[in-house]
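The values are calculated or read from the model by the stated rules, or taken from the named source; none is laboratory data. Since we're looking at a predicted model, the values are computed, not measured. Cβ coordinates were reconstructed from backbone atoms using ideal geometry, including for glycine residues, and neighbour counts include every protein chain displayed.
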Amino acid sequence: MNPIADRRAGVLREALSAGLLHPDRAPIASFIDGATLRENVESLRRAFAGGPDVLHAFAAKAGSLPVLLRMLRELGMGAEVASEGEFEMALRAGFAGGEIVFDSPAKTNREIERALACGAQINIDNLQEFERIARRLGEGVGGDAIERSIGFRVNPQIGTGSIEAMSTAGAQSKFGVGIRDAESRSRVLEAYLRAPWMNSVHVHVGSQGVASEMMVEGIREVTALADEINGRVGAQRILTIDIGGGLPVDFQSDDGDPGFERYAAALRSEVPRLFSGDYRIVTEFGRSILAKAGFMAAFVEYTKSSGGRPIAVTHAGAHVATRTVFMPDSWPLRILPFTGSGEPKTGGEVVQDVAGPCCFAGDLIARGRSLARLDAGDIVVVPDTGAYYASTPFTYNSILAPGIYAAEWEGAGDGAVGFRPVREPQTMASLLAASGAELLG
């Protein structure tokens with residue numbers, strides 16, 4: 001078997017034995033394989049080794065969980081955050097201000113002042129935000145700004161990928177300053193000439209559905225912009241180039257190669273200036289680090305047939321697989337059938353739907369899928385869901401969010417698995433508190 005598949009099967013069996021997955025008490029749970037997570041981070045570090053200084057900042061939106069962020073910090077990563085909540089999670093996880101990249105497109109005055117006070121790197125989304133930060137720095141908020149990285153997020157406007165809603169470099173993207181818009185480009189250059197504390201530039205082209213060639217093209221354009229700014233200033237004003245993340249993930253197999261080394265090799269070949277040593281590099285990978293390190297497992301509660309189509313009703317639906325349920329063609333997931341005791345279920349394949357517990361007809365995580373016939377009490381395992389799935393639950397129907405556990409193999413070859421809680425299963429008390437029930441008195 002594949003190492004990822006081997007470890008996944010072992011984690012499932014141990015989780016059942018430990019009661020972390022149980023048909024009544026915990027009918028759904030999510031797991032992160034610590035070994036795969038470490039391998040992915042090590043692959044990223046190797047890919048960019050031997051060149052200029054690099055901060056690899058994990059995109060917190062892919063797994064906004066303080067314990068997980070602490071695990072990634074222990075592996076030597078920084079954190080890229082896109083909201084006040086993610087910022088506070090990163091601080092709670094132990095990241096220093098300089099290890100945090102703040103990327104929100106709608107930063108409030110309070111958030112800006114907090115980021116300046118912490119010494120975080122700030123990627124400025126638009127020209128109005130630039131003026132807001134300039135006023136604060138002029139008033140002395142944030143101390144010596146030259147010691148931090150602050151600069152524009154630039155949209156190279158080079159096109160969209162196969163999932164338009166996930167593409168960030170289209171002509172009309174909501175993110176960044178469109179550098180091909182003549183007026184915007186001139187105003188960006190003017191801002192860098194005017195403000196000596198502007199010392200970085202940021203681009204994020206990639207996401208699922210975006211080819212790496214397009215990502216490389218965007219980074220080439222922004223590296224050229226950095227050189228142009230330095231030429232206009234007559235000095236090395238731009239010190240940092242943040243190349244974003246967004247490397248696509250293979251959701252169709254257990255191939256564990258995240259592709260970092262191929263991507264870095266392409267950048268070295270096509271954008272050698274990036275690796276000249278004149279620029280510090282920042283990356284912001286999330287999904288490609290975490291997705292294949294995780295899986296969800298859920299019990300089948302009932303099975304039935306409607307219109308001749310077998311349907312398995314499970315505890316995995318839109319509340320933990322929102323994108324897959326609402327955009328199934330863009331975000332398909334594999335379904336692996338297991339028995340209730342944790343053994344793979346094979347043979348007797350039939351075309352069937354795999355439904356979730358949410359109260360709307362489209363709550364299906366697989367449609368017309370040929371699988372070993374699922375029965376009540378079986379388990380569906382949903383691979384490649386370490387990023388964005390259970391970590392960002394959808395509160396439709398007020399379904400309790402599942403527990404998330406990091407699995408570590410203890411000892412060599414003895415099959416023992418230890419579990420570290422990353423998020424405890426949500427309790428009814430916490431759900432009611434989050435819904436405002438206390439206002440009833």
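Note on segment 329-361: residues that are in contact with a helix residue (DSSP H, G or I) (Cβ under 8 Å, 6 or more places away or on another chain) and hydroxyl-bearing (Ser, Thr, Tyr) amount to 2.
Please indicate, with yes or no, whether at least one residue in segment 292-303 is in a loop (DSSP other than H, G, I, E, B), of a type in the set (Phe, Trp, Tyr) and within 30 Å of Arg262 (Cβ to Cβ). Looking through segment 292-303, none of the residues is in a loop (DSSP other than H, G, I, E, B), of a type in the set (Phe, Trp, Tyr) and within 30 Å of Arg262 (Cβ to Cβ). Do we find that Ile243 is aliphatic (A, V, I, L, M), touching a strand residue (DSSP E or B) at 6+ places or on another chain (Cβ under 8 Å), closer than 30 Å to Asp33 by Cβ and at pLDDT 90 or above in this structure? When the stated conditions are applied, Ile243 passes them. All conditions but one from (1) farther than 30 Å from Gly436 by Cβ; (2) modelled with pLDDT under 95 apply to Arg323; the one that does not is (1). Applying the set (1) at pLDDT 75 or above; (2) in a loop (DSSP other than H, G, I, E, B) to Phe175 leaves exactly one unmet item: (1).
What tally of residues in segment 108-142 results from selecting those that are without any contact (Cβ under 8 Å) to a residue 24 or more places away in the chain and assigned to a loop (DSSP other than H, G, I, E, B)? The total comes to 2.
If you go through segment 221-273 and keep only what is free of Cβ contacts under 8 Å to residues at least 60 places away in the same chain, in a helix (DSSP H, G or I) and surrounded by 17 or more Cβ atoms within 10 Å (Cβ to Cβ), you end up with Thr223, Ala226, Ile229, Asn230, Leu267.
With respect to being farther than 20 Å from Ile28 by Cα and surrounded by fewer than 19 Cβ atoms within 10 Å (Cβ to Cβ), Thr346 fits the description. Among the residues of segment 306-327, just one is surrounded by fewer than 19 Cβ atoms within 10 Å (Cβ to Cβ) and under 12 Å from Thr392 (Cβ atoms), namely Thr322. Would you confirm, using the coordinates I've provided, whether Glu80 is outside the structural domain of Ile379 (by TED's automatic domain parsing) and free of Cβ contacts under 8 Å to residues at least 24 places away in the same chain? The answer is no for Glu80. Taken over segment 417-441, the criterion of being of a type in the set (Gly, Ala, Ser) and either in a helix (DSSP H, G or I) or within 20 Å of Asn397 (Cα to Cα) (or both) is satisfied by Ala429, Ser430, Ala433, Ala434, Ser435, Gly436, Ala437.
Checking each residue in segment 422-441 for being touching a Phe, Trp or Tyr at 6+ places or on another chain (Cβ under 9 Å) and surrounded by fewer than 10 Cβ atoms within 10 Å (Cβ to Cβ) picks out no residue at all. Note on segment 1-37: among residues that are in contact (Cβ under 8 Å) with a residue 60 or more places away in the chain and acidic (Asp, Glu), the one that is nearest to Met296 (Cα to Cα) is Asp33.
Here is a yes/no grid of residues against (1) polar (S, T, N, Q); (2) over 22 Å from Arg25 (Cα atoms); (3) in the same structural domain as Asp255 (by TED's automatic domain parsing); (4) in contact (Cβ under 8 Å) with a residue 40 or more places away in the chain:
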| position | (1), (2), (3), (4) |
| --- | --- |
| Tyr302 | no, no, no, yes |
| Ser306 | yes, yes, no, no |
| Pro310 | no, yes, no, yes |
| Ser341 | yes, no, no, yes |
| Asp384 | no, yes, no, yes |
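So which strands (runs of 3 or more DSSP E) are wholly in segment 9-96 and hold at least 3 residues that are at pLDDT 95 or above and within 26 Å of Asp254 (Cβ to Cβ)?
Values: elements: 28-33, 54-59, 78-81.
Strands (runs of 3 or more DSSP E) meeting the threshold: 28-33, 54-59.
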